[in-house]
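Before any comments, here is the structure.
The values are calculated or read from the model by the stated rules, or taken from the named source; none is laboratory data. All values derive from a computational prediction rather than experimental measurement. In this analysis, Cβ positions are derived from the backbone assuming ideal geometry, glycine residues included, and neighbour counts consider all displayed protein chains.
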Amino acid sequence: NSMTAEYKVHGSIAVITMSNPPVNGLGLATRQGIVDGLQRANADAAVKAIVITGAGGAFSGGADIKEFGTDKSMQEPNLHSVINAVENSGKPVVAAIHTVCMGGGLELALGCHYRVGAPGCQVALPEVKLGILPGAGGTQRLPRVVGVEAALNMIVSGEPVKSEMIGAVPGQKLFDKMAASPEALAEEALAFAASIADVRPLPLVRNLPCKHPEGDAYFQFARNMVKGMAKNFPAPAKCVDAVEAATKRKFADGLAYERELFINLMWTPESRALRHLFFAERAASKIPDVPSDTPKRDIQKVGVIGAGTMGGGISMNFLNAGIPVTILETKQEALDRGVATIKKNYEAQVKKGKLKEDKYAQRMALLSTTLSYDDLKDCDLIIEAVFEEMGVKEAVFKQLDAVAKPGAILASNTSTLDVDKIAAFTKRPQDVVGMHFFSPANVMKLLEVVRGKETAKDVLATVMAVAKKIKKTAVVSGVCDGFIGNRMIERYSQQAGFLLDEGCTPQQVDKAIEKFGFAMGPFRMGDLAGNDIGWAIRKRRAVEQPDMKYSKTADLLCEMGRFGQKTGAGWYDYQAGKRDAIPSDVVNKMIEEHRKTLSVAPRKVSDEEIVQRLVFALVNEGAKILEEGIASKSGDIDMVYLTGYGFPIHRGGPMHYASEVGLFNVVLAMNRFAQNPMDDASAWAPAPLLVKLAAEGKAFQ
Ligand code: T1G
């Protein structure tokens with residue numbers, strides 16, 4: 001590998017510059033470059049001191065996570081060896097830190113004899129967010145320079161702290177000097193290196209004391225705090241163990257202990273899930289056939305059609321990002337109601353201290369309303385969130401086609417209708433795209449971007465960039481009934497219904513899947529979203545897909561008018577003004593009566609079977625979505641389920657979870673479920689992609 005660290009001597013100072021874009025991940029070649037630079041500098045009599053820094057937009061973002069799970073990350077010189085080489089240098093090594101100094105990058109800096117920091121640099125040990133902990137001395141050195149409590153907070157939270165915040169703490173030893181500005185850093189680091197070139201002995205962080213005055217009491221307190229917040233993740237508690245070791249053991253022993261904890265955590269399923277999601281989240285914004293340098297349209301002004309729940313929530317996303325919005329409705333009182341709801345939402349945030357009064361006022365100042373399409377003629381992006389009925393969509397898009405300026409992006413918030421048909425209502429199908437927000441639209445992170453046959457590539461690139469700006473996780477979906485999320489949830493709901501027919505109560509199913517980690521089981525979710533929504537879809541489906549088998553229970557429930565929280569009763573009973581789901585004798589009776597009509601003896605279904613049938617139903621549909629090209633990567637499907645449907649993060653998403661279980665085992669289970677006369681055998685016919693991967697012993701990519 002070509003060395004990815006440059007070496008240059010300025011006067012008597014050797015400068016080693018890591019250059020491994022995009023964030024100077026400490027990959028093997030970079031590590032090798034640093035070690036070689038140190039050797040050259042120590043061998044050159046003209047060199048008195050050494051500066052290590054990073055090219056481009058980071059000092060270093062830490063270990064190269066692209067190497068994780070490969071043997072390259074452990075190949076010598078591994079990060080430990082590089083840090084040892086720095087500490088054992090015969091000449092002083094100064095880290096010149098700027099922009100991003102994270103994980104292994106900070107650990108490298110802590111191995112240096114001195115550190116000069118530029119203001120505005122994000123300093124963090126974010127390993128815990130990947131389900132691990134700093135594995136190259138971070139848990140042993142950071143407490144020695146910023147104190148035990150500050151270090152533990154940074155390591156357990158993984159959150160970045162601004163360099164100038166740390167530099168301002170009296171007695172801190174992380175930065176020996178703060179540069180006046182990022183631009184001044186290089187100059188000041190060289191001058192600083194020259195000023196300490198002859199100072200001996202060379203200071204080592206590992207030789208600094210590390211104590212906490214209340215020792216055991218403090219760590220007991222820390223353990224209690226961490227236990228509460230880290231429900232499904234083992235790493236935070238291990239961070240406490242590692243930092244405690246720094247206060248109790250000799251440095252070398254603490255380092256060895258940290259290494260042991262690090263390696264154990266690397267192999268936990270939780271860490272594999274978090275590392276998978278780190279990449280899946282970033283990969284989701286990449287569209288295989290849309291180059292990342294595709295020119296984007298400029299979005300200065302947004303129009304929203306419809307001031308209902310969705311229209312209001314959608315508008316707030318743009319107001320929050322400082323983008324002016326014009327909401328259009330057909331009647332003034334609908335506009336007034338919509339604006340009042342937006343105000344109520346913001347005022348609730350102001351009351352909770354989450355939003356400053358002046359920010360609230362700024363956002364409202366960006367909002368305008370109108371009853372006339374003419375006022376949308378200079379919008380760059382117009383999103384309709386009107387009634388989910390093709391006739392209404394047609395009227396709206398015909399009007400938009402007549403009024404919107406050339407190049408305006410026309411988006412539909414439809415959750416199931418055919419975006420190609422909608423595009424065909426206009427003379428500009430290339431500018432039409434689906435932007436499917438999830439309710440509540442100003443809260444849920446997921447945005448399904450539905451790509452029509454004609455949708456232009458720069459429209460997609462623009463919408464993905466807009467999604468990032470309004471802090472949404474955007475996933476591109478092809479056109480099909482239900483796109484990615486709702487198409488899969490259909491199969492999940494189908495299984496939930498069968499489980500009731502076979503002997504489960506709603507609360508048993510919900511509890512089993514919530515124990516697995518879902519935020520909410522299918523029946524509590526139905527009561528929240530409204531059972532009538534599924535009812536309407538099933539009626540529509542009955543025409544289009546008469547052969548799809550369903551449990552009648554959901555229809556019986558709706559015929560009882562039990563639509564959920566909004567009617568005060570659904571699968572569960574509710575007390576006025578409260579959200580707790582109370583098991584309902586009425587519903588359980590209805591289910592028992594219904595079973596009698598099926599002439600089936602109810603059976604005890606295990607929690608494990610409940611979870612497998614619900615989750616593998618998602619996986620099988622997900623595999624079909626992949627092979628049809630509706631989704632381009634399995635990680636995209638995982639992101640949909642994590643950000644839109646409350647799938648547990650520590651399981652990594654349905655497709656990742658299936659790969660962890662082993663696709664061979666998933667197919668075996670599906671074959672078993674297909675034997676069940678109460679079930680829908682056709683639903684368990686494994687997708688060809690699933691069969692292929694299982695036969696090859698492979699995982700989803
Ligand atoms: N290695 C390799 N690539 C990385 C990377 C890393 N550490 N961090 C980010 N990237 C890539 C990312 O995939 C994307 O690539 C691009 O950089 C921009 O990222 C022993 C073992 C640094 C704050 O956990 O928090 O050190 O998609 O979109 O919003 O203790 O990335 O463009 O091809 O996020 O400006 C610890 C994780 C590793 C840092 C930049 N380090 N990264 O944020 O851009 S474990 C981390 C971040 C470790 C040691 C252990 C952020 C960022 P592409 P981005 P950004």
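Quick notes on this structure:
- Among (1) in contact (Cβ under 8 Å) with a residue 12 or more places away in the chain; (2) outside any helix (DSSP H, G or I); (3) within 15 Å of the ligand (Cβ to nearest atom) - the single one residue 265 does not satisfy: (2)
- Candidates 431, 481, 420, 458: the one that is in contact with a Pro (Cβ under 9 Å, 6 or more places away or on another chain) and closer than 21 Å to residue 633 by Cα is 458.
- Qualifying residue in segment 270-278 (condition: more than 30 Å from residue 64 (Cβ to Cβ), in contact with a helix residue (DSSP H, G or I) (Cβ under 8 Å, 6 or more places away or on another chain) and away from the ligand (no atom under 13 Å from the Cβ)): no
- If the condition is being touching a residue at least 60 places away in the same chain (Cβ under 8 Å), assigned to a helix (DSSP H, G or I), touching a strand residue (DSSP E or B) at 6+ places or on another chain (Cβ under 7 Å) and among the hydrophobic types (A, V, I, L, M, F, W, C), then segment 97-121 contributes only 108.
- In segment 49-96, the qualifying residues are those that are in a helix (DSSP H, G or I) and under 28 Å from the mean Cα position of the chain (by Cα), and the one that is farthest from the ligand (Cβ to nearest atom) is 71.
- The set of residues in segment 655-664 being assigned to a helix (DSSP H, G or I) and either surrounded by fewer than 24 Cβ atoms within 10 Å (Cβ to Cβ) or touching a Gly at 6+ places or on another chain (Cβ under 6 Å) (or both) consists of 655, 659, 660, 661, 664.
- As a summary of the residue check, residue 562 satisfies the conditions (1) surrounded by 12 or more Cβ atoms within 10 Å (Cβ to Cβ); (2) in a helix (DSSP H, G or I); (3) free of Cβ contacts under 8 Å to residues at least 40 places away in the same chain except for the one numbered (2).
- Hits in segment 8-31 - residues which are more than 16 Å from the ligand (Cβ to nearest atom) and either under 33 Å from the mean Cα position of the chain (by Cα) or crowded, with 21+ Cβ neighbours inside 10 Å (or both): 13, 14, 15, 16, 17
- A Cβ distance below 9 Å, combined with a sequence gap of six or more or placement on separate chains, defines the contacts here; from segment 507-520, residues that are under 16 Å from residue 232 (Cβ atoms) and surrounded by fewer than 17 Cβ atoms within 10 Å (Cβ to Cβ) reach residues that are among the charged types (D, E, K, R) and modelled with pLDDT of 95 or more in the pairs 514/524; 515/607; 517/651.
- Test: residue in segment 436-447 that is surrounded by fewer than 18 Cβ atoms within 10 Å (Cβ to Cβ), of a type outside the set (Lys, Arg) and outside any loop (DSSP other than H, G, I, E, B): no
- Pick from segment 174-196, criterion assigned to a loop (DSSP other than H, G, I, E, B) and buried (at least 17 other Cβ atoms within 10 Å of the Cβ), ranking: farthest from the ligand (Cβ to nearest atom): 176
- Some residue of segment 56-79 being at pLDDT 95 or above, in contact with a His (Cβ under 9 Å, 6 or more places away or on another chain) and under 30 Å from residue 280 (Cα atoms): yes
- Among the residues making up segment 307-322, those that are part of a helix (DSSP H, G or I) and over 13 Å from residue 335 (Cβ atoms) are 309, 310, 313, 314, 316, 317, 318, 319, 320.
- Hits in segment 453-477 (condition: surrounded by fewer than 19 Cβ atoms within 10 Å (Cβ to Cβ) and touching an Asp or Glu at 6+ places or on another chain (Cβ under 7 Å)): 453
- Matching entry among 373, 360 (being touching a residue at least 12 places away in the same chain (Cβ under 8 Å), surrounded by 15 or more Cβ atoms within 10 Å (Cβ to Cβ) and over 24 Å from residue 297 (Cα atoms)): 360
- Applying the condition of being under 22 Å from residue 643 (Cβ atoms) and charged (D, E, K, R) to segment 279-318 and asking which residue is farthest from the ligand (Cβ to nearest atom) yields 281.
- Residue 416 being within 35 Å of the chain's Cα centre (by Cα), modelled with pLDDT under 95 and not hydrophobic (A, V, I, L, M, F, W, C): yes
- Among the candidates 252, 222, 256, the residue that is more than 16 Å from the ligand (Cβ to nearest atom), small (Gly, Ala, Ser), without any contact (Cβ under 8 Å) to a residue 60 or more places away in the chain and part of a helix (DSSP H, G or I) is uniquely 252.
- The single condition among (1) assigned to a helix (DSSP H, G or I); (2) in contact (Cβ under 8 Å) with a residue 12 or more places away in the chain that residue 304 does not satisfy is (1).
- Segment 122-143: number of residues that are within 6 Å of the ligand (Cβ to nearest atom) and in a helix (DSSP H, G or I): 4
- Leading residue by the ranking (farthest from the ligand (Cβ to nearest atom)) among those in segment 144-154 that are over 23 Å from the mean Cα position of the chain (by Cα) and under 27 Å from residue 276 (Cα atoms): 152
- For beta carbons closer than 6 Å, sequence separation of 6+ or different chains, a first residue in segment 23-36 that is among the basic types (Lys, Arg) and a second that is within 11 Å of the ligand (Cβ to nearest atom), the qualifying pairs are 31/82.
- Residue check for residue 154: modelled with pLDDT of 95 or more and touching a strand residue (DSSP E or B) at 6+ places or on another chain (Cβ under 7 Å): yes
- Residues located in segment 671-688, provided they are of a type outside the set (S, T, N, Q) and either within 33 Å of the chain's Cα centre (by Cα) or outside any helix (DSSP H, G or I) (or both): 673, 677, 678, 679, 680, 683, 684, 685, 686, 687, 688
- Among the residues examined, residue 618 qualifies as under 15 Å from residue 495 (Cβ atoms) and surrounded by 10 or more Cβ atoms within 10 Å (Cβ to Cβ).
- Qualifying residue in segment 385-398 (condition: touching a helix residue (DSSP H, G or I) at 6+ places or on another chain (Cβ under 6 Å) and within 21 Å of residue 319 (Cα to Cα)): yes
- Segment 230-249, residues that are within 30 Å of the chain's Cα centre (by Cα) and either assigned to a helix (DSSP H, G or I) or crowded, with 16+ Cβ neighbours inside 10 Å (or both): 230, 233, 234, 235, 236, 237, 238, 239, 240, 241, 242, 243
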